[in-house]
Amino acid sequence: MPRWAAVAAHTVPYAVLPSGLWRLALVAGLPVTRDAGVGSLGLGTSGYAVGLTLVSELLAFLTLGLVRPWGEVFPRRLPLLGGRRVAPAGATGAALAGAVALCGIAAWGAYARYAGLGPHIPASPSQRAVLVACYAPLLAWPPLLAAVAVAYRRRRGSERTPAPG
């Protein structure tokens, strides 16, 4: 594995972390928006924000599988899959599909912001600066994931998975 790919893979969870921390601060009632306050979000919105943070960070950590041994052979502790080799085409396909989906989400977000769609987050200039600083690193996620996936495929692409039986 090229060193740059390992660095890129380890960068992804850190690129995703600030947006999650911003959402958790919002749920906690910290003054990240003008409307912030303990209990200012409903239970459903708070659950969504926490769930989105957890899922995003877990998906970001999966990028590490493209540079770690558990990305080549499933850990033995996993039921049904433990000890089996990870199919390079499957891992690469999932990673590249994720990168394309992230690009689509980013494009939709940019369009929605430009078109005035979606919720408006009331914020002071400093609150808006914090919001942008927390969400801007997310733009690195798709290209980093795609680059690491291509490096993974190049490294493992010549392997052939034996036919079952």
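Among Thr11, Thr33, Thr45, which is open to solvent by 40 Å² or more (accessible area, probe 1.4 Å), touching a residue at least 12 places away in the same chain (Cβ under 8 Å) and polar (S, T, N, Q)? Break it down into steps so the answer makes sense when it comes.
Numbers: Thr33 fails: open to solvent by 40 Å² or more (accessible area, probe 1.4 Å); Thr45 fails: touching a residue at least 12 places away in the same chain (Cβ under 8 Å).
Going through Thr11, Thr33, Thr45 in turn, just one is open to solvent by 40 Å² or more (accessible area, probe 1.4 Å), touching a residue at least 12 places away in the same chain (Cβ under 8 Å) and polar (S, T, N, Q): Thr11.
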Exercise. Kindly indicate the residue of the stretch 28-85 that is out of contact with any strand residue (DSSP E or B) (no Cβ under 8 Å at 6 or more places or on another chain) and basic (Lys, Arg) and also nearest to Met1 (Cα to Cα) among those meeting that condition.
Key: Arg68
Quiz prompt | Selection status of Leu59, open to solvent by 40 Å² or more (accessible area, probe 1.4 Å), in contact with a Gly (Cβ under 8 Å, 6 or more places away or on another chain) and closer than 19 Å to Cys134 by Cα | solution = yes
Quiz item: What do you reckon, is Ala25 surrounded by 15 or more Cβ atoms within 10 Å (Cβ to Cβ), at pLDDT below 95, small (Gly, Ala, Ser) and outside any helix (DSSP H, G or I)?
Solution: no
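The values are calculated or read from the model by the stated rules, or taken from the named source; none is laboratory data. Predicted model only: the values in this text are computed from it and were never measured. No Cβ is skipped: glycine too gets one built from the backbone with ideal geometry, and neighbour counts run over all protein chains shown. Just so you know, the surface numbers come from the protein's heavy atoms only, side chains and all, with ligands and any DNA or RNA stripped out. Shrake-Rupley method; radii C 1.70, N 1.55, O 1.52, S 1.80 Å.
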